[in-house]
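Encoded as structure tokens, the structure appears first; notes follow it.
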Amino acid sequence: MAVVWFFSVWFDAEWWDASGVRGGMSRGRLVIDFDVPWPGYQPGWHIAHEWMARERRPLVWESEVRWESNWRRVAIPIWQILLSIGAVATIAWRLDVIGARRARRGMCRGCGYDLAGIAKGAKCPECGARAR
Ligand SMILES: [Zn+2]
């Protein structure tokens, strides 16, 4: 996804639906436009590239929500998506590390209750999670 972000400096890639909905990537953002098809509107993939442009078009860092009567747009910068995925992955990883540490010490993975003397495979008496 970081690669997609990088190349979106030069490329716009959009999928155009027959009803005027267009979704794709442009200048570092995922963009969805809800529009009324205009004359000559062609559903399908639309890829515009800017190889010949002297300067790269600047990335857009802000998200955007526009809500007008005949045109709507929702745009999310890809850096925000990457950051959210990273945050969720970090939290999941931390929980996994904590659970593994508890299991090593003979504690319940879920709540940390000391499972000494409790049969393997039995449920944790404290939180009901499967013990060990
Ligand atoms: Zn427990």
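Where does the Debye-calculated log10 I(q)/I(0) of the chain sit at q = 0.15, 0.16, 0.20 Å⁻¹, using only Cα point scatterers of equal weight, no solvent?
Evaluating at q = 0.15, 0.16, 0.20 Å⁻¹ gives log10 I(q)/I(0) of -0.77, -0.83, -1.13.
With contacts defined as alpha carbon pairs under 8 Å and 6 or more residues apart, what's the relative contact order of the chain in percent?
18
Just grab the label-to-label distance for Ala119 and Glu68, each label 7 Å out from Cα along the Cβ direction, in nm (one decimal).
7.0
So who's got an amide H within less than 5 Å of the one on Leu30, skipping anything under 5 residues away but keeping other chains? H placed 1.01 Å off N, in plane.
Residues meeting the amide H criterion: Ile76, Ile78.
If each residue of separation counts as 0.36 nm, what is the full-extension length gain between His46 and Asp12 once their alpha-carbon separation is subtracted?
Taking His46 through Asp12 to full extension adds about 11.5 nm, to one decimal.
Let me spell out the model: positive unit charges on the Cβ of Lys and Arg, negative unit charges on the Cβ of Asp and Glu, origin at the Cα centre of the chain. What dipole size does that give, in debye rounded to 20?
Magnitude of the dipole: close to 1140 debye.
For the pair Val60 and Val36, what calculated FRET efficiency results from E = 1/(1 + (r/R0)^6), where r is the Cβ-Cβ distance and R0 = 22 Å, to the nearest 0.05?
Computed FRET efficiency for Val36 and Val60: 0.40.
Under the Karplus relation 6.51 cos²θ - 1.76 cosθ + 1.60, θ = phi - 60°, what is the ordered set of whole-Hz ³J(HN,Hα) values for the stretch 102-116, x standing for Gly and Pro?
The phi angles translate into 4, 4, 4, 8, x, 10, 5, 5, x, 10, x, 5, 6, 9, 4 Hz.
Which whole-Hz couplings ³J(HN,Hα) result when phi for each residue of the stretch 58-69 is put into the Karplus expression 6.51 cos²θ - 1.76 cosθ + 1.60, θ = phi - 60°, listed in order with x for Gly and Pro?
Residue by residue, the stretch 58-69 yields x, 5, 9, 8, 9, 7, 8, 10, 10, 9, 10, 5 Hz.
Among Ala103, Ala87, Ala13, which one moves the most in a GNM of the chain with springs linking Cα atoms closer than 10 Å?
Its mean-square fluctuation being the largest, the pick is Ala103.
Where a number appears in this text, it was derived from the coordinates with a stated rule and is not lab data. No experiment lies behind these values; they were computed from the predicted model shown. Neighbour counts run over all protein chains shown; Cβ positions are idealised from the backbone, glycine included.
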